[in-house]
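Data block below; observations after.
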Amino acid sequence: MSNSELTQRWQGALMDNYGTPRIPLTHGVGARVWDANGREYLDFVGGIAVNALGHGHPAVVRAVSDQIATLGHVSNLFVAEPPVALAERLLRLFERPGRVYFCNSGAEAVEAAFKIGRRTGRTHMVATAGGFHGRTMGALALTGQPAKQEPFLPLPGVVTHVPYGDAEALRAAVTTDTAFVIIEPVQGESGVIVPPAGYLAAAREITRATGTLLVLDEVQTGIGRTGHWLACQAQGVEPDVVTLAKGLGGGLPIGATVAFGAAAELLTPGQHGSTFGGNPVACAAALAVLDTIETEGILDHVERAGQRLRKGIEALGHPHIAQIRGAGLLLGIVLHEPLAQRVQQAAQDAGLLVNAVASDVIRLAPPLIVTDEEIDTFLRALPAVLDGVPAPHGTSAFD
Ligand code: PMP
(Lines give C-alpha, C1' and ligand atoms only; values in the text may rest on other atoms or scores of the structure.)
Protein backbone atom coordinates (compact mmCIF):
# COMPACT_ATOMS: atom_id res chain seq x y z
CA MET A 1 0.00 0.00 0.00
CA SER A 2 1.35 3.46 -0.94
CA ASN A 3 0.82 6.92 0.55
CA SER A 4 -1.57 7.89 -2.24
CA GLU A 5 -3.65 4.70 -1.95
CA LEU A 6 -4.05 5.08 1.82
CA THR A 7 -4.80 8.79 1.43
CA GLN A 8 -7.57 8.07 -1.06
CA ARG A 9 -9.04 5.45 1.26
CA TRP A 10 -9.04 7.60 4.39
CA GLN A 11 -10.63 10.49 2.56
CA GLY A 12 -13.49 8.23 1.54
CA ALA A 13 -13.99 6.62 4.92
CA LEU A 14 -12.93 8.81 7.85
CA MET A 15 -14.50 12.06 9.04
CA ASP A 16 -11.96 14.80 8.46
CA ASN A 17 -10.99 16.21 11.88
CA TYR A 18 -8.68 19.03 10.93
CA GLY A 19 -9.07 19.65 7.20
CA THR A 20 -5.30 19.37 6.70
CA PRO A 21 -3.38 16.72 4.74
CA ARG A 22 -2.40 13.65 6.74
CA ILE A 23 0.69 11.55 6.09
CA PRO A 24 -0.20 7.87 6.12
CA LEU A 25 2.07 6.21 8.72
CA THR A 26 2.54 2.48 8.90
CA HIS A 27 4.94 1.72 11.74
CA GLY A 28 7.29 3.22 14.28
CA VAL A 29 10.25 2.39 16.50
CA GLY A 30 11.25 4.68 19.36
CA ALA A 31 11.16 8.27 18.07
CA ARG A 32 11.02 7.25 14.40
CA VAL A 33 8.06 6.46 12.15
CA TRP A 34 7.68 5.36 8.54
CA ASP A 35 5.09 6.30 5.95
CA ALA A 36 3.38 3.97 3.49
CA ASN A 37 6.04 4.74 0.86
CA GLY A 38 8.74 3.53 3.26
CA ARG A 39 10.07 7.01 4.08
CA GLU A 40 11.47 7.51 7.58
CA TYR A 41 10.66 10.51 9.81
CA LEU A 42 11.90 11.74 13.15
CA ASP A 43 8.71 11.97 15.19
CA PHE A 44 8.68 15.17 17.26
CA VAL A 45 4.87 15.11 17.45
CA GLY A 46 4.77 11.87 19.43
CA GLY A 47 1.04 11.34 18.90
CA ILE A 48 0.64 14.86 20.40
CA ALA A 49 2.41 14.01 23.64
CA VAL A 50 0.93 10.50 23.74
CA ASN A 51 3.85 8.23 22.83
CA ALA A 52 5.72 8.82 26.08
CA LEU A 53 7.99 5.81 25.58
CA GLY A 54 8.03 6.14 21.81
CA HIS A 55 6.73 3.58 19.37
CA GLY A 56 6.81 -0.15 20.12
CA HIS A 57 8.51 0.08 23.51
CA PRO A 58 9.13 -3.53 24.64
CA ALA A 59 7.75 -2.92 28.15
CA VAL A 60 4.41 -1.68 26.75
CA VAL A 61 4.26 -4.41 24.11
CA ARG A 62 4.84 -7.08 26.76
CA ALA A 63 2.36 -5.61 29.23
CA VAL A 64 -0.36 -5.30 26.59
CA SER A 65 0.12 -8.75 25.11
CA ASP A 66 0.32 -10.46 28.51
CA GLN A 67 -2.80 -8.68 29.74
CA ILE A 68 -4.94 -9.26 26.63
CA ALA A 69 -4.00 -12.93 26.80
CA THR A 70 -4.94 -13.09 30.48
CA LEU A 71 -8.01 -10.89 30.90
CA GLY A 72 -8.81 -8.32 28.23
CA HIS A 73 -11.79 -6.62 29.77
CA VAL A 74 -14.18 -6.79 32.66
CA SER A 75 -17.17 -4.58 33.20
CA ASN A 76 -17.13 -2.21 36.13
CA LEU A 77 -19.64 -4.63 37.64
CA PHE A 78 -16.44 -6.52 38.50
CA VAL A 79 -12.91 -5.45 39.24
CA ALA A 80 -9.57 -6.58 37.87
CA GLU A 81 -6.14 -6.04 39.37
CA PRO A 82 -4.59 -3.63 36.80
CA PRO A 83 -6.92 -0.64 37.45
CA VAL A 84 -6.51 -1.13 41.20
CA ALA A 85 -2.72 -1.28 40.90
CA LEU A 86 -2.70 1.75 38.60
CA ALA A 87 -4.91 3.81 40.91
CA GLU A 88 -2.69 2.91 43.89
CA ARG A 89 0.35 3.78 41.85
CA LEU A 90 -0.99 7.18 40.79
CA LEU A 91 -1.98 8.08 44.33
CA ARG A 92 1.52 7.09 45.51
CA LEU A 93 3.03 9.40 42.91
CA PHE A 94 0.99 12.29 44.26
CA GLU A 95 1.65 11.25 47.89
CA ARG A 96 -1.89 12.18 48.86
CA PRO A 97 -5.01 10.19 49.72
CA GLY A 98 -7.69 10.28 47.07
CA ARG A 99 -9.58 8.24 44.48
CA VAL A 100 -9.15 7.68 40.78
CA TYR A 101 -11.77 7.48 38.04
CA PHE A 102 -10.58 5.85 34.82
CA CYS A 103 -11.90 6.64 31.36
CA ASN A 104 -10.55 6.62 27.83
CA SER A 105 -9.47 10.12 26.85
CA GLY A 106 -8.58 13.58 28.04
CA ALA A 107 -12.01 15.02 27.31
CA GLU A 108 -13.65 12.27 29.36
CA ALA A 109 -11.27 12.92 32.25
CA VAL A 110 -12.37 16.57 32.12
CA GLU A 111 -16.07 15.58 31.95
CA ALA A 112 -15.64 13.62 35.18
CA ALA A 113 -13.94 16.63 36.79
CA PHE A 114 -16.85 18.78 35.58
CA LYS A 115 -19.35 16.45 37.27
CA ILE A 116 -17.28 16.32 40.47
CA GLY A 117 -17.27 20.12 40.47
CA ARG A 118 -21.00 20.34 39.94
CA ARG A 119 -21.58 18.03 42.90
CA THR A 120 -20.40 20.86 45.15
CA GLY A 121 -23.88 22.29 44.53
CA ARG A 122 -22.38 25.39 42.92
CA THR A 123 -23.07 26.14 39.27
CA HIS A 124 -20.51 28.74 38.20
CA MET A 125 -17.19 27.67 36.66
CA VAL A 126 -14.02 29.54 35.78
CA ALA A 127 -11.65 28.57 32.99
CA THR A 128 -9.01 30.40 30.98
CA ALA A 129 -9.11 32.13 27.61
CA GLY A 130 -7.25 30.03 25.08
CA GLY A 131 -7.37 26.99 27.36
CA PHE A 132 -8.10 23.61 25.80
CA HIS A 133 -9.91 20.84 27.66
CA GLY A 134 -11.43 18.67 24.92
CA ARG A 135 -14.24 18.56 22.39
CA THR A 136 -17.09 16.85 24.21
CA MET A 137 -19.81 19.30 25.21
CA GLY A 138 -18.83 19.82 28.86
CA ALA A 139 -15.12 19.99 28.08
CA LEU A 140 -15.88 22.31 25.16
CA ALA A 141 -17.78 24.66 27.48
CA LEU A 142 -14.54 24.98 29.49
CA THR A 143 -12.34 25.32 26.40
CA GLY A 144 -11.62 29.01 25.99
CA GLN A 145 -11.54 29.07 22.20
CA PRO A 146 -14.70 30.71 20.78
CA ALA A 147 -14.18 29.39 17.24
CA LYS A 148 -14.38 25.81 18.52
CA GLN A 149 -17.42 26.57 20.69
CA GLU A 150 -19.44 28.70 18.30
CA PRO A 151 -20.92 25.92 16.08
CA PHE A 152 -22.23 24.13 19.19
CA LEU A 153 -23.77 26.89 21.29
CA PRO A 154 -25.42 26.78 23.74
CA LEU A 155 -22.93 24.78 25.81
CA PRO A 156 -23.64 23.46 29.30
CA GLY A 157 -22.97 25.50 32.40
CA VAL A 158 -22.12 29.06 33.28
CA VAL A 159 -18.44 29.51 32.54
CA THR A 160 -16.36 32.65 32.93
CA HIS A 161 -13.16 32.64 30.89
CA VAL A 162 -10.39 34.79 32.34
CA PRO A 163 -7.08 35.77 30.72
CA TYR A 164 -4.50 33.02 31.25
CA GLY A 165 -1.69 33.76 33.68
CA ASP A 166 -3.45 36.75 35.26
CA ALA A 167 -3.90 36.02 38.97
CA GLU A 168 -5.81 39.24 39.62
CA ALA A 169 -8.37 38.48 36.88
CA LEU A 170 -8.82 35.07 38.46
CA ARG A 171 -9.31 36.61 41.90
CA ALA A 172 -11.97 38.93 40.49
CA ALA A 173 -13.87 36.09 38.77
CA VAL A 174 -13.92 33.47 41.52
CA THR A 175 -16.64 33.77 44.15
CA THR A 176 -18.23 31.54 46.76
CA ASP A 177 -20.63 30.46 43.96
CA THR A 178 -17.77 29.09 41.87
CA ALA A 179 -17.75 25.29 41.78
CA PHE A 180 -14.31 24.95 40.28
CA VAL A 181 -11.50 26.64 38.45
CA ILE A 182 -9.83 24.63 35.70
CA ILE A 183 -6.32 25.52 34.52
CA GLU A 184 -3.60 23.93 32.41
CA PRO A 185 -0.16 24.35 34.06
CA VAL A 186 1.12 25.12 30.55
CA GLN A 187 -1.45 25.89 27.84
CA GLY A 188 -0.57 23.30 25.23
CA GLU A 189 -3.02 23.64 22.36
CA SER A 190 -3.10 27.40 22.27
CA GLY A 191 0.65 27.62 21.65
CA VAL A 192 2.68 26.16 24.57
CA ILE A 193 2.10 29.17 26.80
CA VAL A 194 3.83 29.19 30.19
CA PRO A 195 2.15 31.33 32.85
CA PRO A 196 4.15 33.66 35.14
CA ALA A 197 5.83 32.02 38.15
CA GLY A 198 3.45 31.86 41.09
CA TYR A 199 0.27 31.71 38.97
CA LEU A 200 -0.75 28.20 40.05
CA ALA A 201 0.07 28.99 43.67
CA ALA A 202 -2.13 32.09 43.44
CA ALA A 203 -4.93 29.98 41.92
CA ARG A 204 -4.59 27.59 44.86
CA GLU A 205 -4.80 30.41 47.36
CA ILE A 206 -7.80 32.05 45.62
CA THR A 207 -9.74 28.78 45.32
CA ARG A 208 -8.98 27.78 48.90
CA ALA A 209 -10.26 31.13 50.19
CA THR A 210 -13.61 30.69 48.39
CA GLY A 211 -14.06 26.95 49.00
CA THR A 212 -13.73 26.38 45.24
CA LEU A 213 -12.16 23.26 43.76
CA LEU A 214 -8.93 23.70 41.85
CA VAL A 215 -8.85 21.36 38.86
CA LEU A 216 -5.52 21.14 37.05
CA ASP A 217 -5.76 19.76 33.55
CA GLU A 218 -2.50 17.85 33.16
CA VAL A 219 -3.68 15.85 30.17
CA GLN A 220 -0.81 17.29 28.14
CA THR A 221 1.69 18.28 30.86
CA GLY A 222 1.37 15.22 33.12
CA ILE A 223 3.28 11.91 33.27
CA GLY A 224 6.78 13.22 32.81
CA ARG A 225 6.25 15.58 29.89
CA THR A 226 7.73 18.55 31.75
CA GLY A 227 10.39 16.55 33.60
CA HIS A 228 8.14 15.95 36.63
CA TRP A 229 5.37 13.44 37.14
CA LEU A 230 3.02 16.42 37.17
CA ALA A 231 3.87 19.96 36.15
CA CYS A 232 2.19 21.31 39.31
CA GLN A 233 4.54 19.32 41.55
CA ALA A 234 7.43 21.45 40.35
CA GLN A 235 5.60 24.43 41.85
CA GLY A 236 4.51 22.74 45.07
CA VAL A 237 0.83 23.23 44.25
CA GLU A 238 -1.70 20.63 45.43
CA PRO A 239 -4.90 20.68 43.34
CA ASP A 240 -8.20 19.08 44.38
CA VAL A 241 -8.56 17.28 41.05
CA VAL A 242 -6.07 16.38 38.32
CA THR A 243 -6.97 15.18 34.84
CA LEU A 244 -4.57 12.89 32.97
CA ALA A 245 -4.58 11.10 29.61
CA LYS A 246 -2.24 11.30 26.60
CA GLY A 247 1.15 9.96 27.84
CA LEU A 248 -0.38 7.84 30.59
CA GLY A 249 -1.16 4.87 28.35
CA GLY A 250 1.96 5.14 26.20
CA GLY A 251 -0.24 4.83 23.10
CA LEU A 252 -3.27 3.07 24.53
CA PRO A 253 -6.41 5.13 25.14
CA ILE A 254 -6.76 5.86 28.82
CA GLY A 255 -7.73 8.91 30.85
CA ALA A 256 -7.81 9.40 34.59
CA THR A 257 -9.46 11.88 36.93
CA VAL A 258 -7.69 11.89 40.27
CA ALA A 259 -9.57 13.56 43.09
CA PHE A 260 -8.01 14.25 46.47
CA GLY A 261 -9.42 14.67 49.96
CA ALA A 262 -13.08 15.75 50.15
CA ALA A 263 -13.27 16.12 46.35
CA ALA A 264 -12.79 12.35 46.09
CA GLU A 265 -16.11 11.77 47.85
CA LEU A 266 -18.33 14.10 45.78
CA LEU A 267 -19.47 11.62 43.14
CA THR A 268 -21.56 8.92 44.72
CA PRO A 269 -22.32 5.47 43.27
CA GLY A 270 -24.55 5.65 40.21
CA GLN A 271 -23.58 9.20 39.28
CA HIS A 272 -20.85 8.47 36.76
CA GLY A 273 -19.22 5.63 34.87
CA SER A 274 -18.08 4.29 31.52
CA THR A 275 -17.99 0.79 30.08
CA PHE A 276 -14.34 0.87 29.08
CA GLY A 277 -13.04 2.89 32.03
CA GLY A 278 -10.34 0.93 33.84
CA ASN A 279 -9.88 -1.48 30.96
CA PRO A 280 -7.18 -3.92 32.17
CA VAL A 281 -5.14 -3.75 28.94
CA ALA A 282 -4.99 0.05 28.96
CA CYS A 283 -4.17 0.00 32.68
CA ALA A 284 -1.43 -2.61 32.19
CA ALA A 285 0.10 -0.40 29.51
CA ALA A 286 -0.04 2.61 31.85
CA LEU A 287 1.63 0.62 34.65
CA ALA A 288 4.41 -0.31 32.22
CA VAL A 289 4.79 3.36 31.28
CA LEU A 290 5.05 4.46 34.92
CA ASP A 291 7.46 1.62 35.82
CA THR A 292 9.71 2.42 32.88
CA ILE A 293 9.75 6.15 33.57
CA GLU A 294 10.76 5.38 37.14
CA THR A 295 13.28 2.58 36.63
CA GLU A 296 15.00 4.21 33.68
CA GLY A 297 15.29 7.66 35.25
CA ILE A 298 13.26 9.21 32.44
CA LEU A 299 12.21 12.32 34.40
CA ASP A 300 15.86 13.39 34.66
CA HIS A 301 16.37 12.51 31.02
CA VAL A 302 13.42 14.75 30.03
CA GLU A 303 14.93 17.63 31.94
CA ARG A 304 18.31 17.20 30.24
CA ALA A 305 16.95 16.41 26.77
CA GLY A 306 14.54 19.34 26.98
CA GLN A 307 17.42 21.68 27.79
CA ARG A 308 19.53 20.27 24.96
CA LEU A 309 16.72 20.79 22.47
CA ARG A 310 15.80 24.22 23.74
CA LYS A 311 19.37 25.55 23.96
CA GLY A 312 20.19 24.00 20.59
CA ILE A 313 17.31 25.84 18.93
CA GLU A 314 18.19 29.09 20.70
CA ALA A 315 21.80 28.72 19.57
CA LEU A 316 20.67 28.56 15.93
CA GLY A 317 19.75 32.24 16.26
CA HIS A 318 17.56 31.84 13.20
CA PRO A 319 15.85 35.08 12.12
CA HIS A 320 12.43 33.37 11.88
CA ILE A 321 12.53 32.44 15.57
CA ALA A 322 11.28 34.95 18.10
CA GLN A 323 11.34 32.75 21.19
CA ILE A 324 11.40 29.18 22.42
CA ARG A 325 9.20 28.43 25.41
CA GLY A 326 7.72 25.54 27.34
CA ALA A 327 8.93 23.02 29.88
CA GLY A 328 10.81 19.73 29.60
CA LEU A 329 9.92 18.10 26.30
CA LEU A 330 6.87 20.26 25.63
CA LEU A 331 8.34 23.15 23.68
CA GLY A 332 6.97 25.86 21.43
CA ILE A 333 9.08 27.54 18.78
CA VAL A 334 7.50 30.97 18.41
CA LEU A 335 8.00 32.50 14.97
CA HIS A 336 8.02 36.20 14.15
CA GLU A 337 5.49 35.64 11.38
CA PRO A 338 2.50 33.29 10.99
CA LEU A 339 4.54 30.70 9.11
CA ALA A 340 3.93 27.68 11.32
CA GLN A 341 1.91 25.69 8.74
CA ARG A 342 4.56 26.23 6.10
CA VAL A 343 7.37 25.32 8.50
CA GLN A 344 5.49 22.16 9.45
CA GLN A 345 5.25 21.20 5.78
CA ALA A 346 8.90 22.03 5.05
CA ALA A 347 9.98 20.02 8.11
CA GLN A 348 7.92 17.08 6.93
CA ASP A 349 9.54 17.28 3.50
CA ALA A 350 12.90 17.12 5.32
CA GLY A 351 11.85 14.05 7.35
CA LEU A 352 10.92 15.83 10.59
CA LEU A 353 7.42 15.63 12.05
CA VAL A 354 6.47 18.74 14.01
CA ASN A 355 3.11 20.33 14.73
CA ALA A 356 1.89 23.85 13.90
CA VAL A 357 -0.15 24.47 17.04
CA ALA A 358 -0.89 28.12 16.32
CA SER A 359 -0.33 30.26 13.23
CA ASP A 360 3.05 31.32 14.61
CA VAL A 361 3.96 28.46 16.96
CA ILE A 362 5.52 25.07 16.23
CA ARG A 363 5.00 22.55 19.03
CA LEU A 364 7.60 19.90 19.79
CA ALA A 365 6.49 16.96 21.93
CA PRO A 366 8.85 14.11 21.07
CA PRO A 367 8.72 10.81 22.92
CA LEU A 368 10.27 11.19 26.37
CA ILE A 369 12.88 8.61 25.40
CA VAL A 370 14.20 10.71 22.50
CA THR A 371 17.99 10.35 22.37
CA ASP A 372 20.68 13.04 22.25
CA GLU A 373 21.59 11.84 18.75
CA GLU A 374 17.99 12.28 17.59
CA ILE A 375 17.86 15.76 19.07
CA ASP A 376 21.13 16.64 17.32
CA THR A 377 19.79 15.28 14.03
CA PHE A 378 16.76 17.52 14.46
CA LEU A 379 18.94 20.54 15.28
CA ARG A 380 21.15 19.94 12.23
CA ALA A 381 18.15 19.75 9.91
CA LEU A 382 16.13 22.68 11.30
CA PRO A 383 18.06 25.66 9.84
CA ALA A 384 17.61 24.48 6.25
CA VAL A 385 13.90 23.86 6.95
CA LEU A 386 13.47 27.42 8.23
CA ASP A 387 15.59 28.88 5.41
CA GLY A 388 13.28 27.17 2.93
CA VAL A 389 10.28 29.13 4.22
CA PRO A 390 10.84 32.76 3.25
CA ALA A 391 9.18 35.43 5.38
CA PRO A 392 6.14 36.84 3.51
CA HIS A 393 7.60 40.31 3.07
CA GLY A 394 11.00 39.03 2.07
CA THR A 395 12.44 40.42 5.29
CA SER A 396 12.94 38.99 8.73
CA ALA A 397 11.47 40.59 11.81
CA PHE A 398 15.02 41.57 12.78
CA ASP A 399 15.25 43.95 9.81
N1 PMP B 1 -6.97 18.71 28.02
C2 PMP B 1 -5.81 19.10 27.49
C3 PMP B 1 -4.91 20.00 28.28
C4 PMP B 1 -5.43 18.65 26.22
O5 PMP B 1 -4.26 19.05 25.70
C6 PMP B 1 -6.30 17.78 25.52
C7 PMP B 1 -5.95 17.25 24.15
N8 PMP B 1 -5.13 18.00 23.38
C9 PMP B 1 -7.50 17.41 26.12
C10 PMP B 1 -7.81 17.88 27.38
C11 PMP B 1 -8.46 16.49 25.42
O12 PMP B 1 -7.92 15.21 25.32
P13 PMP B 1 -8.53 14.16 24.28
O14 PMP B 1 -8.17 14.65 22.93
O15 PMP B 1 -7.85 12.87 24.66
O16 PMP B 1 -9.99 14.12 24.51
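The values are calculated or read from the model by the stated rules, or taken from the named source; none is laboratory data. Because the structure is a prediction, the values reported are computed rather than measured. We place every Cβ from the backbone using ideal geometry, glycine too, and count neighbours over all the protein chains shown.
Only one of these is out of contact with any Phe, Trp or Tyr (no Cβ under 8 Å at 6 or more places or on another chain), closer than 26 Å to residue 331 by Cβ and more than 10 Å from the ligand (Cβ to nearest atom): 129, 169, 107, 147. Name it. Show your work before the answer.
Working: 129 fails: out of contact with any Phe, Trp or Tyr (no Cβ under 8 Å at 6 or more places or on another chain); 169 fails: closer than 26 Å to residue 331 by Cβ; 107 fails: more than 10 Å from the ligand (Cβ to nearest atom).
The conditions single out 147.
Listed by first and then second residue, the pairs linking a residue in the range 216-233 that is farther than 19 Å from residue 369 by Cα and assigned by TED's automatic domain parsing to the domain that holds residue 179 to a residue that is of a type in the set (Ser, Thr, Tyr) and surrounded by 24 or more Cβ atoms within 10 Å (Cβ to Cβ), with Cβ atoms under 6 Å apart and 6 or more places separating them unless they lie on different chains, are 217/243. Only one entry in 312, 328 is among the small types (Gly, Ala, Ser), assigned by TED's automatic domain parsing to the domain that holds residue 380, under 17 Å from residue 44 (Cα atoms) and surrounded by fewer than 21 Cβ atoms within 10 Å (Cβ to Cβ), namely 312. Residue 110 meets each of the listed conditions (1) within 17 Å of the chain's Cα centre (by Cα); (2) assigned to a loop (DSSP other than H, G, I, E, B); (3) not basic (Lys, Arg) apart from (2). Is it the case that the range 191-213 has a residue that's under 30 Å from residue 341 (Cα atoms), buried (at least 21 other Cβ atoms within 10 Å of the Cβ), modelled with pLDDT of 95 or more and within 11 Å of the ligand (Cβ to nearest atom)? Among the residues of the range 191-213, at least one is under 30 Å from residue 341 (Cα atoms), buried (at least 21 other Cβ atoms within 10 Å of the Cβ), modelled with pLDDT of 95 or more and within 11 Å of the ligand (Cβ to nearest atom), which makes the answer yes.
Total residues in the range 107-131 satisfying the condition of being farther than 17 Å from residue 258 by Cβ and surrounded by 24 or more Cβ atoms within 10 Å (Cβ to Cβ): the figure is 4.
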